[in-house]
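Written below as C-alpha cells is the structure these notes are about.
The values are calculated or read from the model by the stated rules, or taken from the named source; none is laboratory data. These numbers were taken from a predicted model, which means no experiment stands behind them. Cβ coordinates were reconstructed from backbone atoms using ideal geometry, including for glycine residues, and neighbour counts include every protein chain displayed.
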Amino acid sequence: DTGVSQNPRHKITKRGQNVTFRCDPISEHNRLYWYRQTLGQGPEFLTYFQNEAQLEKSRLLSDRFSAERPKGSFSTLEIQRTEQGDSAMYLCASSSLAGGLETQYFGPGTRLLVL
Amino acid sequence: AQKVTQAQTEISVVEKEDVTLDCVYETRDTTYYLFWYKQPPSGELVFLIRRNSFDEQNEISGRYSWNFQKSTSSFNFTITASQVVDSAVYFCALSGGAGGTSYGKLTFGQGTILTVHP
C-alpha cells in the first residue's frame, strides 16, 4: 500500500488569497480526515468524510474553509481569503472501518504560511 | 468533551537510558480508543499503537512498551534503551467508540518533545 499523500507540501501565500490543498488517501480507505496543527500543539480535528459524505465539521472550520471529496477518493481543502492566523500545518489522514476497528494513517502534511 | 494531557513538554535523555512518556485522558465514553503517534522532524505522524478501552493488557513491541491503567485514566509509553533515532515529538490521542459523539475523530495531547543525545 502506498501511504497518504498530500500536495503541495509547502505553500506561501499573501493574506487575502485563496489556497487549495489536495489529499490522496490510502486506496480503499473509506474515511478521510483533515486536521490542523499549529506550532507546539497537537493536531486539531477539522472535518471528516465517509466515502463522499462530509459527516462532521469542527467549529474551528470557519465559513472560509470548505472541503470536498467528490468521488469518495481524493479530497480537497480550500481556504478563501486567507488570514495570517491560518498559518499552520494541514494534515490529512485516512482509515478503514474493516473489522470494526479504526486506525488513522497520516500524510506528510501541507505547511501553509500566510504573509 | 474529551481531553488528553501530556504534562511533560520536553524530555532529554542520553542514549541507552529508559524513558517514560506520560499520558492522562478524560472521556465520558464507556468505549474508547487510545493511540500513540510519533512525529519526527519531517512532520509526518507515524502510528505506533492503538489500545481499546476494554483491553487493559499491557503491550510490548521491541523496545517500546505501553502501560494502560483505566483506574487512573493513564496510557503511558516507555522506550527502553533509547536511541538517537527515537528523537521526535510523541503524541497521545483519544477517540470515542462506535455510537459516541467523538467516534473516529482524534483528540490529541500537546505532545512531548523527546531528545536523545549520543
**Request:** For A:T47, indicate whether it is farther than 24 Å from B:K38 by Cβ, touching a residue at least 12 places away in the same chain (Cβ under 8 Å) and within 11 Å of chain B (Cβ to nearest Cβ).
**Result:** yes
**Message:** Being acidic (D, E) and crowded, with 18+ Cβ neighbours inside 10 Å is true for just one of B:D86, B:D18. Which residue is that?
**Reply:** B:D86
**Prompt:** For the stretch A:74-95, what are the residues that are in contact with a Lys or Arg (Cβ under 7 Å, 6 or more places away or on another chain) and outside any strand (DSSP E or B)?
**Reply:** A:F74, A:Q80, A:R81, A:T82, A:E83, A:Q84
**Request:** Would you mind listing the strands (runs of 3 or more DSSP E) fully within the stretch B:1-87 where at least 1 residues are touching a Lys or Arg at 6+ places or on another chain (Cβ under 9 Å), modelled with pLDDT of 95 or more and among the acidic types (D, E)?
**Result:** B:24-26
**Prompt:** Taking the stretch A:57-81 as the search range and keeping residues that are under 17 Å from A:R22 (Cα atoms) and of a type in the set (S, T, N, Q), which one is farthest from the chain's Cα centre (by Cα)?
**Reply:** A:Q80
**Request:** Go through the stretch B:52-93 and count every residue that is within 11 Å of chain A (Cβ to nearest Cβ) and either within 27 Å of B:S12 (Cβ to Cβ) or among the acidic types (D, E) (or both).
**Result:** 5
**Search result, residues across the stretch B:1-21 that are farther than 15 Å from B:G104 by Cα and either within 14 Å of chain A (Cβ to nearest Cβ) or free of Cβ contacts under 8 Å to residues at least 60 places away in the same chain (or both)** = B:V4, B:T5, B:Q6, B:A7, B:Q8, B:T9, B:E10, B:T20, B:L21
**Prompt:** Out of the residues in the stretch B:94-118 that are part of a strand (DSSP E or B) and more than 27 Å from B:Y32 (Cα to Cα), which is nearest to the other protein chains (Cβ to nearest Cβ)?
**Reply:** B:T115
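Yes/no per residue for (1) within 24 Å of B:Y103 (Cα to Cα); (2) surrounded by fewer than 18 Cβ atoms within 10 Å (Cβ to Cβ):
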site	(1), (2)
A:P8	no, yes
A:I12	no, yes
A:R22	no, yes
A:W34	yes, no
A:T38	yes, yes
**Fill in**
Of (1) of a type in the set (D, E, K, R); (2) within 13 Å of the chain's Cα centre (by Cα); (3) more than 23 Å from A:V4 (Cβ to Cβ), B:R50 satisfies every one except (3)
**Item:** Selected residue (criterion: surrounded by the most Cβ atoms within 10 Å (Cβ to Cβ)) from residues of the stretch A:75-99 that are at pLDDT below 95 and within 9 Å of chain B (Cβ to nearest Cβ)
**Value:** A:S95
**Message:** Among the listed residues A:R59, A:R36, A:R15, identify the single one that is away from every other protein chain (no Cβ under 13 Å) and either assigned to a loop (DSSP other than H, G, I, E, B) or at pLDDT 95 or above (or both).
**Reply:** A:R15
**Asked** Out of curiosity, is A:L60 surrounded by fewer than 13 Cβ atoms within 10 Å (Cβ to Cβ) and in contact with a strand residue (DSSP E or B) (Cβ under 7 Å, 6 or more places away or on another chain)?
**Response** yes
**Message:** For the structure I just gave you, tell me whether A:E102 is touching a Ser or Thr at 6+ places or on another chain (Cβ under 9 Å), within 14 Å of chain B (Cβ to nearest Cβ), touching a residue at least 12 places away in the same chain (Cβ under 8 Å) and outside any strand (DSSP E or B).
**Reply:** yes
